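The values are calculated or read from the model by the stated rules, or taken from the named source; none is laboratory data. For clarity, every value in this text was computed on a predicted model and none was experimentally measured. Virtual Cβ from ideal backbone geometry, glycine too; neighbours counted across all protein chains shown. To get the accessible areas, we keep the full protein, side chains included, count just its heavy atoms, and leave off ligands, DNA and RNA. Shrake-Rupley method; radii C 1.70, N 1.55, O 1.52, S 1.80 Å.
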Amino acid sequence: MRLLLAEDDAILADALSAKLQQAGFDVEVADNGAVAEYLLLRQAFDVAVLDIGLPMVDGLTVLRRVRAAKPEQPILLLTALCDLEHRVDGLNAGADDYLTKPFDFPELEARVRALLRRAKPTASAVVQLGKLSFDRDARRATIANEPVDFSPREWALLDLLLSQRDKVVTKEQIAQAWGADRADATRGEGGTGSIEVYIHRLRRKLEPSGLGIRTVRGLGYLLELPA
C-alpha cells in the first residue's frame, strides 16, 4: 500500500516513516504542503496522512485542493491543535479521520488501516486521468467525452499502464497481461503484433488526452501526465 506522509517535523517524520514501512507500507515523505499537494495530485496513493501545520501550503489547503480533484482519496489529518473548532474545520474540509498529537503509533496504524478498509468497497472502476476516462467494468473509454475504440490488446495494455501508473511496466508484465510469453508478444503475428507496435498505436490514440507513454530504456514503459 502506498502512503504519503506529509510532516515537517523531520524527527517525527523519520520515526513514523520507519514504523509505517515496518508495518508494510510503501512510504513517500513530504516536508511541506507544496510538495504534498504536487505528489497527491500527480501520483496514486492508497492513503495520505497530512499534518495541518505544514509550511508553504498548510494542510487544510492541501486537503481542500486534493479533495476537489480526487474525491475518493482517503486522507487522515494530524495536528497538535486539539480544540473542537479545528477538528470541525478539518472534517468539513474533507478529512476522513483526525488524530491529535501526541499519539501512539498503534492508534495511527489502526486508523490508517480502517480508512483503507472503508475505501475498498467504494473504490470506483472508473479511472480519470488527464482527459481520459477509463471504465474497466463497462469496458468503455472516452477522451474529452468522445468514445475511443481500443483493440483487446490495446485495452489490456492501457489497463496495465493505468493500474501501474507512476511505475515502469516491463515487457514481461505486458506479455502476462496478454496471456502470452514475452517471445510471442515481442515477435507478434506476421510482424504486426509486437509490443513496440502496440505501444506506438496506443501513444497515437492517447495524444488528445494529454497522456504520454515514455520508453525507459532497458526497463519498460511508463505512463505519464505531463505537468
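Electrostatic tally near residue 151: other residues with Cβ closer than 11 Å to its Cβ, Lys and Arg +1, Asp and Glu -1, net +1. Relative to the current alpha-carbon distance between residue 200 and residue 140, full extension at 0.36 nm per residue lengthens the span by 19.5 nm. The longest stretch of the chain left intact once loop-based GluC sites (Glu not before Pro) with at most 16 other Cβ atoms within 10 Å are removed from consideration, loops following DSSP, is 73-188. Relative contact order, whole percent, for the chain stands at 13, derived from Cα pairs under 8 Å and 6 or more residues apart.
For residue 57, neighbours were defined as the other residues whose beta-carbon sits under 13 Å from its Cβ, and their charges (Lys and Arg +1, Asp and Glu -1) total -3. On the accessible surface of the chain, probed at 1.4 Å, how many percent belong to carbon and sulfur atoms? So the carbon and sulfur contribution to the accessible surface is 50 percent. Distance between the 7 Å Cα→Cβ label points at residue 23 and residue 118: 1.5 nm. Around residue 114, what is the net charge, scoring Lys/Arg as +1 and Asp/Glu as -1 over all other residues with Cβ under 10 Å from its Cβ? Taking every Cβ under 10 Å from that of residue 114, the sum is +1. Subtracting the Cα-Cα distance of residue 149 and residue 103 from their residue separation scaled by 0.36 nm leaves 11.4 nm. Solvent-accessible surface (1.4 Å probe) assigned to residue 111 amounts to roughly 70 Å². If one takes the longest principal axis of the Cα atoms in the chain, at what angle in degrees, from 0 to 90 and to the nearest 10, does the Cα axis of helix 195-206 lie? With rounding to tens, the tilt is 60 degrees. Which translational diffusion coefficient, to the nearest whole µm²/s, is obtained for the chain from the Stokes-Einstein equation, given a Kirkwood hydrodynamic radius over C-alpha pairs, 4 °C and 1.567 mPa s? Estimated via Stokes-Einstein, D reaches 67 µm²/s.
Rolling a 1.4 Å probe across all protein chains gives residue 70 an accessible area of roughly 40 Å². Checked against a 31 Å cut-off, the cross-linked pairs 19/167; 19/70; 167/205; 19/131 give Cα-Cα distances beyond that limit for 19/131. Accessible surface computed residue by residue for the chain, with neighbouring protein chains in place and a 1.4 Å probe, gives 53 Å² per residue. Cα gyration tensor of the stretch 3-54, axes a ≥ b ≥ c as square roots of the eigenvalues: rounded (a/c below 1.5), prolate (a/b > b/c) or oblate? In terms of gyration-tensor shape, oblate. Projected over all directions and averaged, the alpha-carbon convex hull of the stretch 1-91 occupies 5.5 nm². With all protein chains in place and ligands, DNA and RNA left out, the 1.4 Å accessible area ranks 61, 215, 79 as 215, 61, 79, largest first. Compared with the alpha-carbon gap, the fully stretched path from residue 126 to residue 162 is longer by 11.9 nm at 0.36 nm per residue.
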